[in-house]
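Below is one structure, written out as structure tokens; comments come after it.
The values are calculated or read from the model by the stated rules, or taken from the named source; none is laboratory data. Remember, predicted model here, so these are calculated numbers, not experimental data. Counting neighbours? That spans all protein chains shown, and the Cβs are built from the backbone with ideal geometry, glycine included. Accessible surface is based on the protein model in full, side chains and every heavy atom, while ligands, DNA and RNA are left aside. Shrake-Rupley method; radii C 1.70, N 1.55, O 1.52, S 1.80 Å.
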Amino acid sequence: MPDDAPLYDRVALIGLGLIAGSMAHAMRRGGLVGEIVGTARSPETRDVAREIGLVDRVVDTPAEAVAGADLVVLCVPVGVMGAVAEEIAPHLAPGATVSDVGSVKRAVIDAVGPYVPEGVHFVPAHPLAGTEHSGPRSGFAALFDNRFTLIVPAEGSDRDAVDRLAALWRGMGAYTEEMDADHHDLVLAVTSHTPHLIAYTMVGVADDLRRVTDSEVIKYSAAGFRDFTRIAASDPTMWRDVFLTNKDATLEILGRFTEELFALQRAIRTGDGDLLFDYFTHTRAIRRGIIEAGQDTDAPDFGRVKTE
Ligand code: NAP
């Protein structure tokens, strides 16, 4: 293949929200593929996608979208991946690759794998990048820059198909690494899923409190709480599906979290300042590690521009 040849001649994006939209922008930015075809469930989303020219061609059904595509990426909530795979299966081109961007991997492999026909490659993946926004207008080309995309090859995935998909993600600005599905789900339960649940809970607690203290929770919302509210504004469908499909790993991490919380609660009650100080010193080092790995900025308030 010549160096400037597209990695794929036709990419079909099923679902046209934050992740699919960002992929479309990033693929165009890098001149990585030939045609990008897309579809979404609702006529409203398809109309917006057409109006803003999100992809080269918007079609009305997943079957039309995947016809003749050499890469199909499922960019829908995890809970509907299996149904979408069943719908597209008879229309997939021989030799095509089917991938997805779901936040949970074992459940997606179990739901989609059985529908992938002989002669079609299945290479699941997960970009570790997102925002609290969703929908066809929310994507942007730089979303994946310097973020990891984990490639989670299903059993027997074709090596060339895996390598080509990884090359596409690197072309979109991401670092890539391969990981086993169960390990992926445990790591994400620690780094993303449980923190989201904690944020949802904390905002729920504050909402309860708001009834007591009127609007003070909002008026004086300081950085800590404000960051929780941003995370807790994430798409309800996506996050419902994450917890329903990554149940075991999330429950395991929540169990550990609860134990630690009780230990800290006890330290507060008994006035054990040494324990609290040592604990917070240790956690500070983890933050330093993330900054050193280039995965966040150490600018005050996460580099946000002050609006007040
Ligand atoms: P999103 O902005 O809400 O977009 C979801 C898209 O899926 C929409 O176009 C929606 O169509 C379509 N869709 C929903 N249900 C469908 C169904 N039953 N059949 C066909 N299409 C359907 O979501 P997103 O943030 O891009 O998330 C997509 C996937 O990426 C999810 O699996 C999520 O776990 C994963 N992911 C998300 C993030 C993140 O931070 N957001 C990060 C990494 C991975 P309509 O608009 O017509 O409803």
Any residue in region 28-48 that is farther than 28 Å from R170 by Cβ and without any contact (Cβ under 8 Å) to a residue 60 or more places away in the chain sitting within a Cβ distance under 8 Å of a residue that is among the small types (G, A, S) and crowded, with 20+ Cβ neighbours inside 10 Å? List the pairs, counting only those 6 or more apart or interchain. R41/G15; R46/A40
Under the condition of being within 16 Å of the ligand (Cβ to nearest atom) and touching a strand residue (DSSP E or B) at 6+ places or on another chain (Cβ under 9 Å), which residue from region 16-34 is most open to solvent (accessible area, probe 1.4 Å)? I19
Matching residues, region 236-253, being crowded, with 17+ Cβ neighbours inside 10 Å and farther than 18 Å from A111 by Cβ: I253
Considering residues of region 35-57 that are touching a strand residue (DSSP E or B) at 6+ places or on another chain (Cβ under 7 Å) and open to solvent by 20 Å² or more (accessible area, probe 1.4 Å) only, the residue nearest to the ligand (Cβ to nearest atom): R46
Please find, among F262, F225, the residue that is of a type outside the set (V, I, T), part of a helix (DSSP H, G or I) and at pLDDT 95 or above. F262
Of (1) within 15 Å of L13 (Cα to Cα); (2) modelled with pLDDT under 95, H133 satisfies every one except (1)
Any residue in region 181-199 that is of a type in the set (D, E), away from the ligand (no atom under 12 Å from the Cβ) and without any contact (Cβ under 8 Å) to a residue 40 or more places away in the chain? no
In region 249-291, what residues are of a type in the set (D, E, K, R) and free of Cβ contacts under 8 Å to residues at least 24 places away in the same chain? R256, E259, E260, R266, R269, D272, D274, D278, R284, R287, R288
Search result, residues across region 37-57 that are among the aliphatic types (A, V, I, L, M) and part of a strand (DSSP E or B): V37
Need pairs with beta-carbon distance below 7 Å; first residue closer than 22 Å to D185 by Cα and within region 127-138, second more than 6 Å from the ligand (Cβ to nearest atom) and open to solvent by 50 Å² or more (accessible area, probe 1.4 Å); sequence gap 6+ or separate chains. P127/R147; L128/R147; L128/F148; A129/R147; E132/R230; E132/A233
If you scan region 238-251, which residues turn out to be under 13 Å from the mean Cα position of the chain (by Cα) and among the hydroxyl-bearing types (S, T, Y)? none
